[in-house]
Each structure stands twice: as C-alpha cells, then as structure tokens.
Amino acid sequence: MVPRDNILASIDGATNAVCFAGRSSSGGRGERDCDYVLVGPGAGGGPTAVAVLGDVCELARGGRKFSGAPSLIPPGTLKIQSDDEIDGSFYLRLVVRDRAGIVGDIGRTFGRIGVNISEIWQMRHTEEEVRWLAQSYKLKQKLQEVLPFVMTLERATVRQMRKALDSLSNRDYILVDPVWFPIWGAK
C-alpha cells in the first residue's frame, strides 16, 4: 500500500518499478521516500520481482554477474539488511471462523511480542461476497461463520510479524493463510 502521491502509485499494468534509498545519498532526500527509482516494462509480476531483487542483491554484494560493468560503489561496501529486521507498519487480512474472543486472542498474540494494533476494519459483506470468498478458498463452513477482516499494525519488524503469524497458524479459527504486507511510508 502506497500513498496516492507516491511515484510508485502511478505504476500500472506490466510496468515495473523499484525504489530504494542509499544511506550515503539520503542527505538531500527531504520528504522523498527514496533516492532512486528505476521504471521499465516488465515480463510479469513474479519473474520480474525475482530478477530485479536478485540483481539489486548481486550489486550490493559486489557479485561477479556484473563484472566488467562500471561501478560507482566499491565492491563490498554495501550491506544487505536482513529481511527479518525490516520494520514498518503492516496491513493484515484475516479470514476466520466467526465466534466471540477471536479479536482479543489475535490482539494478545501481537501484544506479547510488542506489536500494537492500529486499526481493525470489519466491514459488512453481502452474502454474495462471502459466498465468493468461501468458494475461492474452498471453505466448508456455513457462510454466516466466515468472517473476513483487516487490521493495520503499528511499527513492527518482519521477524515480529512472522512470529505472531506462526503462533496464530495453529488456531482453529484461522480459515485461510493471512495476507500481509508493509504499508509504504507509514510512520
């Protein structure tokens, strides 16, 4: 999720973009989220994401894939941050078997690892929407038992998210693997 005024919000269709910030080049950044944006046509979501991230990591590691290409950065000077240490606010969508106490249990689970819930959105869904959801995930529950809802979480690390979701994975009320991702630029 990115704000509408972010350059990445305008990327659409098969176009791809990668935005990144450099520790040494951030002096003049001001209100911008990143120092560099690379935009171009893509081959499709999955293959392109793997290729772009692989190239960025290879460059950061000073790998040989790009040997012979001029480099502005001396080999070995960049370090890749462990993905577990990446932090920010997160979007989390859950589909659960509706019953009392579920939100409290989820809140306690995140609370035990030091993550605060920012918002919970439990919108009313039409019977048709819930039926589509149940059919797409091949759920066997009665429609009135299927409850999709969204939470936003305050600042957390990817490690904390994985730990909480791992703990929730064995709960009998979780019907579908949760969908989660960072919210770009959230404070």
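Points worth noting:
- Each of Gln81 and Glu58 was given a label point 7 Å from its Cα along the Cα-to-Cβ line. The distance between the two points is 2.4 nm.
- Surface accessible to a 1.4 Å probe, per residue, for the residues of the range 84-187, Å²: 62 Å²
- Mean shadow area of the range 117-158, taken as a quarter of the surface of its Cα convex hull (nm²): 3.9 nm²
- Sequence-distant aspartates and glutamates (8 or more away, or on other chains) whose Cα lies within less than 20 Å of Lys138: Asp98, Glu127, Glu128, Glu129, Asp172, Asp177
- Each label point was placed 7 Å from the Cα along the Cα-to-Cβ direction; for Asn116 and Asp166 their separation is 2.6 nm.
The values are calculated or read from the model by the stated rules, or taken from the named source; none is laboratory data. Quick caveat: nothing in here was measured; it's all calculated off a predicted structure. As a convention, Cβ positions derive from the backbone with ideal geometry for all residues, glycine included, and neighbour counts pool all protein chains shown. Each accessible area value is taken on the protein alone, full model and side chains, heavy atoms only, with ligands, DNA and RNA left out. Shrake-Rupley method; radii C 1.70, N 1.55, O 1.52, S 1.80 Å.
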